[in-house]
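Reviewing the structure listed below.
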Amino acid sequence: MIFRIFSILILTGSALTALSQSETFKTDHTATIQPCPEYPGYWMYKGRPLLLLGGSNEDNLFQISSLTNQLNKLQAAGGNYVRCTMSSRDPGDVWAFYYNDTVALYDLGRWNDAYWDRFGYFLEETFRRDIIVQIELWATFDFYRENWDKNPFNPKNNLNYSPDRVKLPTTISTHPIYRDNPFFWSVPNADNNIKLLEYQQAFIDKVLSYTLPYPHILYCIDNETSVTASWGAFWSSYIKKIASEKGKSIYATEMWDPWDLNHLTHRETFDQPGLYDFVEISQNNHQIGVDHWHNGLQQINRLLSRGDLRPFTSVKVYGNEEGGHGGGAQNGIESFVRNVLMGVSAVRFHRPPHGLGISDTASNVVRGIRFLVDSTDFLNAIAVDHHGLNEGLNVIYQRTLLDGTRILYFPSVGTYRLNSQRQWNLRVINLLSSEWTDFGIQSIKELSSDTSHMIFILRPTD
């Protein structure tokens, strides 16, 4: 593998990042995950600012038998961020409610201990490893098509209410974008479906009874929602009120379905900092290349310019050769790195087949980015620069730190021409192998790489 800096041959090296954990933080509310006062676009945990990086092979990790293997692999790579949908739709999953074998129906007034035991174990294991959990309270796709057919909230599956009593259909054949399940209109500002809301509240209260004792939880109301904004607003307000009554502060967001971040629905999150404490932009990862960069960066800079910048999260980075989203593995890696460079506070590879999960490739990328962040003053950055087009030759993405350090990302083979020749202290990271090399002080006016996914770090010497 050859990288050219006036024909200098670049060698490779490696390093690892270790994480630590202390049980004393579990009841220390000052140590909870929260927006960082010093860097408002990022999080702080246990009093320290941090960037969240992750990947996992499932969304509802608490349901899988290989949980600790997944967490250990992520931690070994320097990762500290996972997604947790409260979903039960996959083979081997269990539902939250008790199943009455005598009548062959679920009882929404009783709990399935197996579900909650799994969830509790998951929370404890992530806490022990300093891995931040972003929970999605309502797993949208559990409530449509074949998943609705087996969902305990479906009136035909429980002994607590009839279809007429709660105005819910027993069959829904459409995709969630068509919004054909009134389940998501139960809140007071919509249908005010009191009977249904009683059981929805009980489920959320049960989730909070497990999560509120822990300091490492972020909350997202839905996955890719297209329903009324009143739904998310109601539940965001509700969970924060319950937390406040227990002397805790928690942080919530909503995840909208549109891929274009300029779509009006995203403003429900962007423009209501009192309701939504951070901004989830995973759907931007359906975009490719420069469009992905501009869509995300535009929103970050918009909030920055009006003085209410908050953490942005990207809990689902798509892209895998086996899946149909995100432009394949090449763009999946690019999207992960672009998110980090544009200033997104939390970035996670989506599960296979639509993402790279915690594969060896994903682990190497996480490890390489962690080394980048730990070896620079990464959070202390000016607004992200525009990409460098290099006179049409190739696209380079750049982040400039306040100390003048330039971070240049080559998603593919390319050349970058600096404005003028000067002395730089150079370091190079190969993300695909998670190897890096220091080159000391170099006189550089042009950088070239003949391989993909390289990061060049240039520190000024004057």
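Miscellaneous remarks
- Checked against the criterion of being more than 21 Å from residue 177 (Cα to Cα) and polar (S, T, N, Q), the candidates 226, 230, 237, 282 yield just one match: 237.
- Tally of residues being within 17 Å of residue 207 (Cα to Cα), surrounded by 18 or more Cβ atoms within 10 Å (Cβ to Cβ) and either among the hydrophobic types (A, V, I, L, M, F, W, C) or not assigned by TED's automatic domain parsing to the domain that holds residue 251 (or both) across segment 100-151: 11
- Residue-level check: of (1) in contact with a Ser or Thr (Cβ under 9 Å, 6 or more places away or on another chain); (2) closer than 30 Å to residue 339 by Cβ, residue 122 misses just (1).
- Meets criteria (within 25 Å of residue 372 (Cα to Cα) and touching a Pro at 6+ places or on another chain (Cβ under 6 Å)) for residue 322: no
- Screening segment 353-385 for residues that are acidic (Asp, Glu) and at pLDDT 65 or above and picking the one that is nearest to residue 404 (Cα to Cα) gives 377.
- For segment 342-383, a residue qualifies if it is more than 15 Å from the chain's Cα centre (by Cα) and closer than 19 Å to residue 296 by Cβ, and the qualifying residues are 365, 369, 372, 373, 378, 379, 381, 382, 383.
- Some residue of segment 50-63 being surrounded by fewer than 18 Cβ atoms within 10 Å (Cβ to Cβ) and either in contact with a Cys (Cβ under 8 Å, 6 or more places away or on another chain) or farther than 19 Å from residue 350 by Cβ (or both): no
- Among (1) out of contact with any Lys or Arg (no Cβ under 8 Å at 6 or more places or on another chain); (2) of a type in the set (D, E, K, R); (3) assigned to a loop (DSSP other than H, G, I, E, B) - the single one residue 334 does not satisfy: (3)
Conditions tested, residue by residue: (1) in the same structural domain as residue 197 (by TED's automatic domain parsing); (2) under 19 Å from the mean Cα position of the chain (by Cα); (3) closer than 30 Å to residue 356 by Cβ.
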| residue | (1), (2), (3) |
| --- | --- |
| 211 | yes, yes, yes |
| 245 | yes, no, no |
| 256 | yes, yes, yes |
| 259 | yes, yes, yes |
| 263 | yes, no, yes |
| 300 | yes, yes, yes |
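- Checking residue 231 against (1) part of a helix (DSSP H, G or I); (2) crowded, with 21+ Cβ neighbours inside 10 Å; (3) hydrophobic (A, V, I, L, M, F, W, C); (4) touching a residue at least 60 places away in the same chain (Cβ under 8 Å), the condition it does not meet: (4)
- In the set 186, 209, only one residue is of a type in the set (Ser, Thr, Tyr), exposed (fewer than 15 other Cβ atoms within 10 Å of the Cβ) and either modelled with pLDDT of 95 or more or in contact with a Phe, Trp or Tyr (Cβ under 6 Å, 6 or more places away or on another chain) (or both); that residue is 209.
- Residue list for segment 240-259, filter: touching a Ser or Thr at 6+ places or on another chain (Cβ under 7 Å) and in a helix (DSSP H, G or I): 243
- Among the residues of segment 71-85, the one identified as in a strand (DSSP E or B) and aliphatic (A, V, I, L, M) is 82.
- If you check 210, 199 for being in contact (Cβ under 8 Å) with a residue 60 or more places away in the chain, part of a helix (DSSP H, G or I) and more than 25 Å from residue 316 (Cβ to Cβ), only one passes: 199.
- For segment 251-296, a residue qualifies if it is of a type in the set (A, V, I, L, M, F, W, C), surrounded by fewer than 22 Cβ atoms within 10 Å (Cβ to Cβ) and out of contact with any Gly (no Cβ under 8 Å at 6 or more places or on another chain), and the qualifying residues are 259, 264, 270, 275, 290.
- Residue within segment 285-295 that is charged (D, E, K, R), farther than 28 Å from residue 239 by Cα, at pLDDT below 95 and in a helix (DSSP H, G or I) present: yes
Per-residue answers, yes or no, for (1) among the β-branched types (Val, Ile, Thr); (2) modelled with pLDDT of 95 or more; (3) over 23 Å from residue 335 (Cα atoms):
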position: 19; (1), (2), (3): no, no, yes
position: 23; (1), (2), (3): no, no, yes
position: 42; (1), (2), (3): no, yes, no
position: 69; (1), (2), (3): no, yes, yes
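The values are calculated or read from the model by the stated rules, or taken from the named source; none is laboratory data. What you see is a predicted model; the values in this text were computed from it and never measured. Glycine also receives a Cβ, built like all others from the backbone with ideal geometry; neighbour counts cover every protein chain displayed.
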